[in-house]
Amino acid sequence: MGRRKNQARPAGSDSWNPVADWYTGWVGAEGSEHHRRVAIPALLELLLPARGEQVLDVGCGPGVLAPHVAGAGARYTGVDASRRLLEFARRHHAAHGRFVQGDATKLQEIGELQAGAFDAAVFLLSIQDIDPLEDALAAAAWAVRPGGRVVLLMTHPCFRIPRQSGWGWDRQRKLQYRRVDRYLTRLAVPMKSYGAARHGFTRSYHRPLGAYVNGLAACGLRVDGIHEIPTHKSPEPGPHARAERLATREIPLFLGLRAVKEEGR
Ligand SMILES: C[S@@+](CC[C@H](N)C(=O)[O-])C[C@H]1O[C@@H](n2cnc3c(N)ncnc32)[C@H](O)[C@@H]1O
């Protein structure tokens, strides 16, 4: 799948520095409501961290996953490009693991990490902020041992495409539907700048589902689990509440994928 020239340019792997205050203000040390109610439980269900395992959290940001991994008795390493997010992570989660600065697409160049040293690598709501996808997957495959796993937890690429999807109301059929305007083309969508200063922006990278599954397979990572997750949000009371409830139960807005690194790779 080709990329358009103007879509290939990343916003910069440290582009999260200027939005760090906004992001940590929203997410906090324990994670946003999305994290706590949907993303973290779904990721843990796929990861199943075991006592003594080494877990690498790629694009860890403020490190909200660290206490959960440490709580399972596993050892946690978070890696992120943003110095400011890592400062926050260390301030709140130093007791739960270690945090390393570096580029997720070049883990091989980070001195503190070794090939095959991890039982699992996870991307908690980060893979869609990291580009190029194939380099990030290859780097994760490098970091995990044969038989180890890679878990991706992301917004569902089939149903939740930044600026290209949304809910609609079908008056005749009295149902809420999901509208998808674009899907197959890869997109690099600039996200609005946040916070009081409103400087800096990040990019969200849309890729179709096949890019993830084929990208994993290309580095010897065989998908063995998929979790399609609806949002936790209940509809506001009103005339459309029943239809809204049905639609939000039926259309998953989050996706989890687990892949296992083939032996001998
Ligand atoms: C949406 S945040 C998610 C952070 C965290 N996993 C969470 O759930 O709160 C995306 C993270 O990806 C990081 N990131 C983006 N590109 C990166 C890269 N090339 N290398 C390392 N981290 C990167 C950003 O710095 C940011 O912390």
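The values are calculated or read from the model by the stated rules, or taken from the named source; none is laboratory data. In this text, all values refer to a predicted model and were calculated from it rather than measured experimentally. Using ideal geometry, Cβ is built from the backbone for each residue, glycine included, and neighbour counts are taken over all protein chains shown.
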Note on residue 94: of the conditions (1) within 15 Å of the ligand (Cβ to nearest atom); (2) farther than 17 Å from residue 41 by Cβ; (3) assigned to a helix (DSSP H, G or I), unmet is (1)
Just to verify a result, which residue in segment 74-86, among those that are more than 10 Å from the ligand (Cβ to nearest atom) and without any contact (Cβ under 8 Å) to a residue 24 or more places away in the chain, is surrounded by the most Cβ atoms within 10 Å (Cβ to Cβ)?
76
Taking segment 166-197, which residues are modelled with pLDDT under 95, closer than 28 Å to residue 136 by Cβ and loosely packed, with under 14 Cβ neighbours inside 10 Å?
190, 192
Could you tell me whether any residue of segment 148-159 is closer than 18 Å to residue 59 by Cα, more than 16 Å from the ligand (Cβ to nearest atom) and within 16 Å of the chain's Cα centre (by Cα)?
yes
Inspect segment 18-30 for any residue being closer than 30 Å to residue 252 by Cβ, within 16 Å of the chain's Cα centre (by Cα) and near the ligand (Cβ under 8 Å from one of its atoms) and give the result as yes or no.
yes
In this structure, is residue 210 over 28 Å from residue 243 (Cβ atoms) and either part of a strand (DSSP E or B) or away from the ligand (no atom under 15 Å from the Cβ) (or both)?
yes
Residue under question is residue 100, and the condition is that it be under 19 Å from the mean Cα position of the chain (by Cα), at pLDDT 95 or above and either part of a strand (DSSP E or B) or basic (Lys, Arg) (or both); does it hold?
yes
Matching residues, segment 15-33, being in contact (Cβ under 8 Å) with a residue 40 or more places away in the chain, in a helix (DSSP H, G or I) and closer than 13 Å to residue 63 by Cα:
20, 23, 24
Out of (1) in contact with a His (Cβ under 7 Å, 6 or more places away or on another chain); (2) within 30 Å of residue 49 (Cα to Cα); (3) in a strand (DSSP E or B), the one residue 176 does not meet is (2)
Filter segment 33-43 down to the residues that are more than 11 Å from the ligand (Cβ to nearest atom) and surrounded by 19 or more Cβ atoms within 10 Å (Cβ to Cβ), then identify the one that is nearest to residue 260 (Cα to Cα).
42
Looking at (1) outside any strand (DSSP E or B); (2) more than 7 Å from the ligand (Cβ to nearest atom); (3) under 16 Å from the mean Cα position of the chain (by Cα), can you tell me which one residue 56 breaks?
(1)
From the list 39, 94, 89, exactly one residue is modelled with pLDDT of 95 or more and more than 19 Å from the chain's Cα centre (by Cα). Which is it?
94
Would you be able to say whether some residue in segment 122-129 is surrounded by fewer than 20 Cβ atoms within 10 Å (Cβ to Cβ), more than 8 Å from the ligand (Cβ to nearest atom) and not basic (Lys, Arg)?
no
Among strands (runs of 3 or more DSSP E) lying entirely in segment 105-172, which contain 1 or more residues that are touching a Lys or Arg at 6+ places or on another chain (Cβ under 8 Å), basic (Lys, Arg) and farther than 30 Å from residue 239 by Cβ?
144-155
